[in-house]
Amino acid sequence: MNGLTILIISAALLLAAYLVYGRYLARKWGIDPNRKTPAHELEDGMDYVPTDPGVVFGHQFASIAGAGPINGPILAVMFGWVPVLLWILVGGVFFGAVQDFAALYASVKNKGKTIGFIIEMYIGKTGKRLFLIFVWLFSILVVAAFADIVAGTFGGFDKVGGEIVKVPANAAVATTSVLFIVAAVGLGLFLRRFKPKALVSTAVACAVLVLCIAAGLWIPIYVDKGVWLYLVFAYIFLASVTPVWALLQPRDYLNSFLLVAMIAAAFVGVVIAAPPINIPAFTGFKAGDSYMFPILFVTVACGAVSGFHSLVSSGTTSKQIASEKHILPIGFGSMLVESFLAVIAVITVGAITIGGKLPQGIETPPQVFASAVASFLVKTGLPESIVFTLITLSISAFALTSLDSVARVGRLAFQELFTESEEGGKGAAARIRNFFRDKYAATVCTLLFGYLLAILGYKAIWPLFGSANQLLAALSLIACAVFLKKTKRKGVMLYAPMVIMLAVTFTALALTILAKGGKLFDGTFNVGQDFLQLVFAVLLLGLGTMVAVQGVGRLRER
């Protein structure tokens, strides 16, 4: 099939889903534009900050997307492009967008509280504590994996045939990304001081964006990956503890233009090239050692549904919503845009494949995506090398934005874990609790474990990311379903996604435990990698099971 046909059909279906199903959910649950949102009610200049919906959409989309909608679908096409495309469209609408919308809606209706607090309120304190431990472990996994990926993207040197060579594209991406951070601080001060209209802020952001990109291409920074890993963690620490208006919001706002430009460029490229899909529509229910169930669903991950989205929606975005009427486009709409990006990723791998194989030198999903889009846009007369660098920069921006968001989410989860509903208490226990509630201590505890895991490399922990991410989605759906039931709102549309995601993730984690446990008896067990995966899989499965049992028990109550 032609890639352009797939693109048009997918865009039409996703747009129709927003106009019909999204609005249906908003009517059923109830949106009150006149109700004071937590951002106004609890404004503190740190986390609760009423913000322009365009800026919040940029933060939400840039934070939830990451590299997932590019990596996952490209890896999953080992089963054929048809099952991947079907899951992206069905999962994105009825699983992912529903979860994101429900999590953001529930949080805004509960003073901007996180999913953890919602679980405490409607399921119980024990369920909340178990969930927060799960979220904290998950955040450590994401921080470790994405920090290693970002440091690798910035690394200005590579070894080719035993010789160290410079990598200009990586060095240019590094320069631009550093300038983005510096420019974001200035932009944040400008927006807070002058509160310009949307048109003015957009013009300023675009001008800053162009200058940073030009400087990156002109003055690349050549630094080793190991050094970048230290610098990335230093940045994560600052991003996690500074007020959202000072760095998180403006940086996400800047990146949102870059990311939207990337999607627009990919869209235009597909329209112009109308590339054929050179991979089979369906290869079978088994590919190598992997079975379609549950591997397809776990691998596609963020392109269809992601539990991380609920953490962003309830952890940061809900505290910036200025009006409830913005919940639908920001919560439901941003997920559909991410699914659209996942569709484009499927088209790119289908277009660049020749004879069932990728071109020589193109191995990773970001390389596949960037190379394909660059080859599309060459037909417009643009230089392929510059386009490739810009697309790589966009993908790196996705990962870095998700990284600073999940660091803040992990910090908040850790703080909540030591926050009692009733204040008070004396002695050593109270002092320890107060120490870990401090935002700086909570951030250090989260990032320390993340750094230790990052040293091993993302490949050692990435297999668990998809399973943990999807299980988190199931737990978030359970929490939102209980909230809707307790507040006498219709939540039956969450039940099927909840049950299916539980089945998928429990199966995936059980298979991981069996595979890693089996290595203990055949002499192939690797203490550095297999032990780590085995321990995390057991913890995640155990915690997830306990939270799910408590949540489902509340749903069964009359």
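In the stretch 327-346, is there at least one residue being touching a Ser or Thr at 6+ places or on another chain (Cβ under 7 Å) and assigned to a strand (DSSP E or B)? Outline the logic, then answer.
As a first pass, look at the stretch 327-346 and keep what is touching a Ser or Thr at 6+ places or on another chain (Cβ under 7 Å): 330-331, 340, 343.
Filter once more, so that each one left must be assigned to a strand (DSSP E or B): none.
Checked the stretch 327-346: no residue is touching a Ser or Thr at 6+ places or on another chain (Cβ under 7 Å) and assigned to a strand (DSSP E or B).
For every residue, the table says whether it meets (1) over 18 Å from Leu141 (Cα atoms); (2) at pLDDT 80 or above; (3) surrounded by fewer than 24 Cβ atoms within 10 Å (Cβ to Cβ).
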{"position": "Ile391", "(1), (2), (3)": "yes, yes, no"}
{"position": "Phe398", "(1), (2), (3)": "no, no, no"}
{"position": "Thr401", "(1), (2), (3)": "no, no, no"}
{"position": "Ala413", "(1), (2), (3)": "no, yes, no"}
{"position": "Glu416", "(1), (2), (3)": "yes, yes, yes"}
{"position": "Arg437", "(1), (2), (3)": "yes, yes, yes"}
{"position": "Tyr440", "(1), (2), (3)": "yes, yes, yes"}
{"position": "Val444", "(1), (2), (3)": "no, yes, yes"}
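Of all residues in the stretch 520-534, which are more than 12 Å from Ala510 (Cα to Cα) and of a type in the set (A, V, I, L, M, F, W, C)?
Leu520, Phe521, Phe525, Val527, Phe531, Leu532
Is it true that some residue in the stretch 243-259 is without any contact (Cβ under 8 Å) to a residue 60 or more places away in the chain and on the phi < 0 side of the Ramachandran plot? Step through it out loud before you land on a result.
Residues of the stretch 243-259 without any contact (Cβ under 8 Å) to a residue 60 or more places away in the chain: none.
The answer is no; no qualifying residue exists.
Six or more apart or on different chains, Cβ atoms under 6 Å: show the pairs whose first residue is in the stretch 427-440 and farther than 20 Å from Ile236 by Cα and without any contact (Cβ under 8 Å) to a residue 60 or more places away in the chain and whose second is surrounded by 13 or more Cβ atoms within 10 Å (Cβ to Cβ) and not aliphatic (A, V, I, L, M).
Note: pairs meeting the criteria are Arg433/Phe418.
For Gln99, are the conditions met, namely being in a helix (DSSP H, G or I), among the polar types (S, T, N, Q), under 30 Å from Lys195 (Cβ atoms) and out of contact with any strand residue (DSSP E or B) (no Cβ under 9 Å at 6 or more places or on another chain)?
no
I'd like to know if the stretch 86-95 contains one or more residues that are within 20 Å of Thr353 (Cβ to Cβ), modelled with pLDDT of 95 or more, of a type in the set (A, V, I, L, M) and buried (at least 24 other Cβ atoms within 10 Å of the Cβ).
Yes, some residue in the stretch 86-95 is within 20 Å of Thr353 (Cβ to Cβ), modelled with pLDDT of 95 or more, of a type in the set (A, V, I, L, M) and buried (at least 24 other Cβ atoms within 10 Å of the Cβ).
Starting from residues that are surrounded by 13 or more Cβ atoms within 10 Å (Cβ to Cβ) and β-branched (Val, Ile, Thr), keep the ones in the stretch 192-225 and report whichever is modelled with the lowest pLDDT.
So the residue we want is Thr202.
Here is a list: Leu254, Leu187. Which entry is within 20 Å of Val49 (Cβ to Cβ) and either touching a Phe, Trp or Tyr at 6+ places or on another chain (Cβ under 6 Å) or modelled with pLDDT under 85 (or both)?
Matching residue, one of Leu254, Leu187: Leu254.
Would you confirm, using the coordinates I've provided, whether Pro366 is surrounded by fewer than 24 Cβ atoms within 10 Å (Cβ to Cβ), of a type outside the set (A, V, I, L, M, F, W, C) and under 23 Å from Ala399 (Cβ atoms)?
Yes; evaluated as a whole, the condition is true for this residue.
Of Val98, Val93, Val150, which residue is under 24 Å from Gln529 (Cα atoms) and touching a Leu at 6+ places or on another chain (Cβ under 8 Å)? Steps first, please.
On the way: Val98 fails: under 24 Å from Gln529 (Cα atoms); Val93 fails: under 24 Å from Gln529 (Cα atoms).
Checking each option against the conditions leaves just Val150.
For (1) among the polar types (S, T, N, Q); (2) outside any strand (DSSP E or B); (3) surrounded by 16 or more Cβ atoms within 10 Å (Cβ to Cβ), each residue gets a yes or a no:
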{"position": "Ser256", "(1), (2), (3)": "yes, yes, yes"}
{"position": "Leu259", "(1), (2), (3)": "no, yes, yes"}
{"position": "Ala266", "(1), (2), (3)": "no, yes, yes"}
{"position": "Ile272", "(1), (2), (3)": "no, yes, no"}
{"position": "Phe282", "(1), (2), (3)": "no, yes, no"}
{"position": "Phe297", "(1), (2), (3)": "no, yes, yes"}
{"position": "Val300", "(1), (2), (3)": "no, yes, yes"}
{"position": "Val305", "(1), (2), (3)": "no, yes, yes"}
{"position": "Leu311", "(1), (2), (3)": "no, yes, yes"}
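What pairs come up if the first residue lies in the stretch 535-558 and is in contact (Cβ under 8 Å) with a residue 12 or more places away in the chain and within 17 Å of Ile140 (Cα to Cα), the second is outside any helix (DSSP H, G or I) and of a type outside the set (Ser, Thr, Tyr), and their beta carbons are under 8 Å apart, counting only those six or more places apart or on different chains?
That search, which allows pairs on different chains as well, returns Phe536/Ile461.
Just the residues that are over 16 Å from Leu448 (Cβ atoms), of a type in the set (A, V, I, L, M), surrounded by fewer than 24 Cβ atoms within 10 Å (Cβ to Cβ) and in contact (Cβ under 8 Å) with a residue 12 or more places away in the chain, please, taken from the stretch 131-165.
Residues satisfying the conditions are Ile133, Ala151.
Among the candidates Ala515, Ala537, single out the residue that is surrounded by fewer than 19 Cβ atoms within 10 Å (Cβ to Cβ), under 21 Å from Gly72 (Cβ atoms) and out of contact with any Pro (no Cβ under 8 Å at 6 or more places or on another chain).
Numbers: Ala537 fails: surrounded by fewer than 19 Cβ atoms within 10 Å (Cβ to Cβ).
Selected residue: Ala515, the only one of Ala515, Ala537 that is surrounded by fewer than 19 Cβ atoms within 10 Å (Cβ to Cβ), under 21 Å from Gly72 (Cβ atoms) and out of contact with any Pro (no Cβ under 8 Å at 6 or more places or on another chain).
Looking only at the stretch 269-292, how many residues end up being of a type in the set (A, V, I, L, M, F, W, C) and out of contact with any Phe, Trp or Tyr (no Cβ under 8 Å at 6 or more places or on another chain)? Show your work before the answer.
Our first condition is that a residue be of a type in the set (A, V, I, L, M, F, W, C); within the stretch 269-292, this holds for 270-274, 277, 279, 281-282, 285, 287, 292.
Still in the list and also out of contact with any Phe, Trp or Tyr (no Cβ under 8 Å at 6 or more places or on another chain): 271, 274.
Final tally of qualifying residues: 2.
Can you confirm whether Val77 is part of a helix (DSSP H, G or I), over 24 Å from Val499 (Cβ atoms), of a type outside the set (Asp, Glu) and out of contact with any strand residue (DSSP E or B) (no Cβ under 6 Å at 6 or more places or on another chain)?
Working: part of a helix (DSSP H, G or I): yes; over 24 Å from Val499 (Cβ atoms): yes; of a type outside the set (Asp, Glu): yes; out of contact with any strand residue (DSSP E or B) (no Cβ under 6 Å at 6 or more places or on another chain): yes.
Answer is yes for this residue.
Applying the selection to the stretch 520-534, what residues are surrounded by 12 or more Cβ atoms within 10 Å (Cβ to Cβ) and in contact (Cβ under 8 Å) with a residue 40 or more places away in the chain?
Gln529, Leu532, Gln533
Take the stretch 347-381 and flag every residue that is among the basic types (Lys, Arg) and part of a helix (DSSP H, G or I).
Lys379 - this is the single residue of the stretch 347-381 that is among the basic types (Lys, Arg) and part of a helix (DSSP H, G or I).
Starting from the stretch 66-79, keep only residues that are surrounded by 24 or more Cβ atoms within 10 Å (Cβ to Cβ), then list their pairs with residues that are of a type in the set (D, E, K, R) whose Cβ atoms are within a distance under 6 Å, requiring at least 6 positions of separation or different chains.
Pro69/Glu338
So for the stretch 36-46 (the condition being outside any helix (DSSP H, G or I), free of Cβ contacts under 8 Å to residues at least 60 places away in the same chain and closer than 23 Å to Ala184 by Cβ), does at least one residue qualify?
Taking every residue of the stretch 36-46 in turn, at least one turns out to be outside any helix (DSSP H, G or I), free of Cβ contacts under 8 Å to residues at least 60 places away in the same chain and closer than 23 Å to Ala184 by Cβ.
Does the stretch 117-172 hold any residues that are touching a strand residue (DSSP E or B) at 6+ places or on another chain (Cβ under 9 Å), assigned to a strand (DSSP E or B) and not aromatic (Phe, Trp, Tyr), and which are they?
Asp158, Lys159, Ile164, Val165, Lys166
Under 7 Å by Cβ, and 6 or more places apart or on different chains, what pairs join a residue from the stretch 285-297 that is closer than 14 Å to Val504 by Cβ with one that is assigned to a loop (DSSP other than H, G, I, E, B) and at pLDDT 90 or above?
Hits for this filter: Tyr291/Phe285; Met292/Phe285.
Could you pull out the residue among Ile455, Ile461, Ile478, Ile500 that is within 25 Å of the chain's Cα centre (by Cα) and surrounded by fewer than 16 Cβ atoms within 10 Å (Cβ to Cβ)?
Ile455
The values are calculated or read from the model by the stated rules, or taken from the named source; none is laboratory data. Model, not experiment: these values are computed from the prediction. Please note: Cβ atoms are built from the backbone with ideal geometry, for glycine as well, and neighbour counts cover all protein chains shown.
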